[in-house]
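Read the structure below first, then the notes.
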Amino acid sequence: MVAAGTAAFPAVDRVILDMEDDGAGHYLYIGAALEMDGPAPALDAVRAHVRERLALLPPFYGELDVPGQVRELTVPPGPDSRRRAYDALPNLTVPGTQPWGLWLVHGHGDDGYLLFHRVHHGVHDGVGLALLLRVLFALTPQAAARAAHTERPAPAAPSSARPARGAHAAQEARAAPPPERAPAQRQVQGQAPGQARARAGAQLRHAADSARLFLPGPRRPLPPAERAGRRIVSAVTVPAAQLRGAAAEWGCSVLGVHLSALSHACRSTDVTGWTRERRSRGIALPVSLTDTRSGPYRGNRYSLVRLPVPWDEPDLGRRAQLLAREVRRYQDPAVRSALARALGRLGTGATRRFSERLYARCGVQTTVLPLAGEVGFAGRPARHFTGLNCLPAHFPYQPVLSLHGGRAVCAFTVDAATPGARDLAAYWREALDELAPPPRPERPATPFPAAPSGPSAAPPPAPRSEPPAAPSSGPSAAPPSGPSAVAPEGASSAPSSGPSAGAPAAPEGAPPD
């Protein structure tokens, strides 16, 4: 595992930044929205708050332009203003090339306001973003100082989200740790025989999984033939207890439940047939390669893996069990070490090629963003916390599951031309309701944001069964590209949602079971 404070994997950052130039129309920002009660503060109060909190952080963004990067957005009032507010967030533009921004959003509803923080994926992965948000939006200065306590990375690159090629190459050369010194690449010398065998076995399995990426893969495009180039958000809020209840009922993890529900949403809205291909595509999952107990850090510290989806398993509970078993493999420290070791050896070109091969075999990428501790503004806690994913051009949508304060929000960033775009969250919830009935609410729950009342023409739920456990088939490891989804056991982490970029990976940000 890569220890906090090391210079991670600059080739991954470079690949994500280089995606800007390929003309495909990638959207490479990740972010999160805090939905607040009460009257909105003055913009100057938000700027003063940001200045105070950024003083607790390393210089992530170079020279700061707080007035230029902390802005306002007003949504015209109306019955669907809440939905339109969330749809506006993944389409915001900023003058220049600043890698981050914070928006005070008015008009999303009659009883509150939004605070939306967005950052380029080349600057942060999902875990880094979540750690940063804990500092920016902790309820008290003391809690913010505790969240910022550990790491002080090397000075940041220039404030542009797109450093000059020469400058970035020099930064990459300076940042790359010598192979023999990187913690994840230490020799097994001095380890107990059992540890050495486990590490060697994990490296062999990883090599075999990576070799499978060179087999012929599907070629059918996933996004619709005509893309809108404009993104919308399909999201739904459920009690976190419902996810945990489903995990307990089926004897699997919360992440396994999310993946099973996601597979149902994918198949129910599939117009290109990718979920029924003979060479089936899987789900890409980022795996964190850092100590998530650290303070905020700059850069991407994750790798990516492909999880095979048992599409022919009609029972969603059994599907959740099988997917959770695949994920469990990446919580093994030996496997994570093998992923980090392999990723650390790849240069920019090899990372890009690995990424492309992985994406040819995946139909969607997801991540999980659990946020520890209360967040809010001016001492008032947020009523909702929603992560928003990036959207590489080769995917029609990318979801992120956010967990905070007893609520779970599943939000899909979707190209507006994708058929069934508005139904994705409703299908995800339909699957969750089949896996475990929602707990009785203390008061009526409000959809968040406004979601369709129900998916159209949904297939009838399959009867539950408890077939005997089946052996797990190992996923093929591949390059990194996005949010985080699986973290080491016992670690609190946050997701990174990301674009293409790649080298082998390990799950980051696994939610508590």
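The values are calculated or read from the model by the stated rules, or taken from the named source; none is laboratory data. These numbers come from a predicted model, not from an experiment. Cβ coordinates were reconstructed from backbone atoms using ideal geometry, including for glycine residues, and neighbour counts include every protein chain displayed. The accessibility values were calculated without ligands, DNA or RNA, using every heavy atom of the protein model including side chains. Shrake-Rupley method; radii C 1.70, N 1.55, O 1.52, S 1.80 Å.
Out of the residues in segment 360-378 that are open to solvent by 10 Å² or more (accessible area, probe 1.4 Å) and touching a Phe, Trp or Tyr at 6+ places or on another chain (Cβ under 8 Å), which is nearest to Pro39 (Cα to Cα)? Please lay out each step first, then the result.
Start the filter on segment 360-378 by keeping residues that are open to solvent by 10 Å² or more (accessible area, probe 1.4 Å), which leaves 360-361, 370-374, 377-378.
When the remaining residues are screened for being touching a Phe, Trp or Tyr at 6+ places or on another chain (Cβ under 8 Å), the result is 371, 377.
Numbers: Leu371: 25, Phe377: 12 Å.
Residue satisfying both the conditions and the ranking: Phe377.
Touching a Cys at 6+ places or on another chain (Cβ under 8 Å), assigned to a strand (DSSP E or B) and within 19 Å of Leu92 (Cβ to Cβ) - does that describe any residue in segment 405-413?
yes
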Check: Restricting attention to segment 207-230, does a residue exist that is open to solvent by 10 Å² or more (accessible area, probe 1.4 Å), at pLDDT 95 or above, under 30 Å from Ala342 (Cβ atoms) and not hydroxyl-bearing (Ser, Thr, Tyr)?
Finding: no
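Hey, can you tell me all the residues within segment 78-90 that are out of contact with any strand residue (DSSP E or B) (no Cβ under 6 Å at 6 or more places or on another chain) and surrounded by 12 or more Cβ atoms within 10 Å (Cβ to Cβ)?
Selection gives Ser81, Arg82, Arg83, Arg84, Ala88.
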Check: Only one residue in Ala342, Ala350 is open to solvent by 10 Å² or more (accessible area, probe 1.4 Å), modelled with pLDDT under 90 and assigned to a helix (DSSP H, G or I), so which one is that?
Finding: Ala342
Checklist line | Meets criteria (surrounded by fewer than 24 Cβ atoms within 10 Å (Cβ to Cβ), at pLDDT 90 or above, on the phi < 0 side of the Ramachandran plot and aromatic (Phe, Trp, Tyr)) for Tyr113 | finding: yes
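Name every residue in segment 55-77 that is assigned to a helix (DSSP H, G or I) and buried (at least 18 other Cβ atoms within 10 Å of the Cβ), in order of residue number.
Applying the first criterion (assigned to a helix (DSSP H, G or I)) to segment 55-77 yields 66-69.
Within segment 55-77, just Gln69 meets the criteria.
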Margin query: Name the single residue that is farthest from Thr413 (Cα to Cα) among those in segment 221-272 being hydrophobic (A, V, I, L, M, F, W, C) and assigned to a loop (DSSP other than H, G, I, E, B).
Written below: Cys252
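Yes or no, residue by residue, for (1) crowded, with 22+ Cβ neighbours inside 10 Å; (2) of a type outside the set (D, E, K, R); (3) within 23 Å of Gly126 (Cα to Cα):
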position	(1), (2), (3)
Ser234	yes, yes, yes
Glu249	no, no, no
Arg276	no, no, no
Ser288	yes, yes, yes
Asp291	yes, no, yes
Ser303	yes, yes, yes
Leu307	yes, yes, yes
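Take the residues in segment 379-400 that are of a type in the set (A, V, I, L, M, F, W, C) and out of contact with any Ser or Thr (no Cβ under 7 Å at 6 or more places or on another chain); name whichever of them is surrounded by the most Cβ atoms within 10 Å (Cβ to Cβ). Outline the logic, then answer.
Going residue by residue through segment 379-400, those that are of a type in the set (A, V, I, L, M, F, W, C) are 382, 385, 388, 390-391, 393, 395, 400.
From what's left, out of contact with any Ser or Thr (no Cβ under 7 Å at 6 or more places or on another chain): 382, 393, 395.
Values: Ala382: 24, Ala393: 18, Phe395: 26.
That would be Phe395.
So, Arg319, is that one open to solvent by 10 Å² or more (accessible area, probe 1.4 Å) and over 21 Å from Asn389 (Cβ atoms) or not? Steps first, answer last, please.
Numbers: open to solvent by 10 Å² or more (accessible area, probe 1.4 Å): yes; over 21 Å from Asn389 (Cβ atoms): yes.
Yes; evaluated as a whole, the condition is true for this residue.
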